[in-house]
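One structure is given below, encoded as structure tokens.
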């Protein structure tokens, strides 16, 4: 697999969310702009993530920002929302990872909380496996474990004050992902609260490992969406929710023997 394929999402990813938002607008009798804000990840995708972080706006879903206003104005003159969002995503959302240290498919953030020295370590995953196998197939499990072992060895050396490890992804619904971690980490995971459809991660379950939309999952999802008649029905159309595991970091040091 060419890893450059992993840098940008396809238009079909935005079109799937647009179909979902259109159904939400009809079911809830709300403007399409509101449905796009509440039921898609468009807001997150069309902004520059560096600028959002610098201005402490990463998750505020402010409908007055210039990119969102441009999206709404162009929708008002009948431009397709998915194509406009995709264009703004390509223009504004630089997914460059040059400043991020990866350990194979994994990286982490050491989150410094105000007034707290020992903030949590948060695990992130991206398919960077170029072998041709799926990154979570059993043939690649050993490679993933070795990557995590290297990462936690690095964390122990560079962040000795770290005490807690956290995660947040739909991937924790998969045994093939959970088995990489200590059992204490994936026991009793919390489920993301509504409104989860605007999460940057929930829509990843519809993508193949090459970042193209999985047509079978897309079709199954939209069949459920077409039959939804309430907000609850709409939210239940997702097979997987975002799960949040947490455990003491010592569990990881013991598990990976670092």
Using square roots of five times the C-alpha gyration tensor eigenvalues, list the equivalent-ellipsoid semi-axes of the chain in whole Å, biggest first. 33, 21, 18
At 222 nm, what helix-only mean residue ellipticity would the chain give, in deg cm²/dmol to the nearest 500, using -39500 (n - 2.57) for each DSSP H run of four or more? -12000 deg cm²/dmol
Can you put 210, 19 in order of Cβ neighbours within 10 angstrom, beginning with the fewest? 210, 19
Label-point separation (nm) for residue 214 and residue 90, each offset 7 Å from Cα along Cα-to-Cβ? 2.6 nm
So the pair-distance distribution of segment 170-249, from every Cα-Cα distance in 5 Å bins, comes to percents of 3, 14, 21, 22, 19, 13, 6, 3, 0
Does segment 74-211 classify as rounded, prolate or oblate by the C-alpha gyration tensor (a ≥ b ≥ c root eigenvalues; a/c under 1.5 gives rounded; else a/b over b/c gives prolate, otherwise oblate)? prolate
If you count, for each residue, the other Cβ atoms within 10 Å and average over each peptide, how do 72-79, 22-29, 147-154 line up from highest to lowest? 147-154, 22-29, 72-79
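Quick note: the coordinates plus some simple rules give every number you see, no bench work behind them. What you see is a predicted model; the values in this text were computed from it and never measured. Cβ coordinates were reconstructed from backbone atoms using ideal geometry, including for glycine residues, and neighbour counts include every protein chain displayed.
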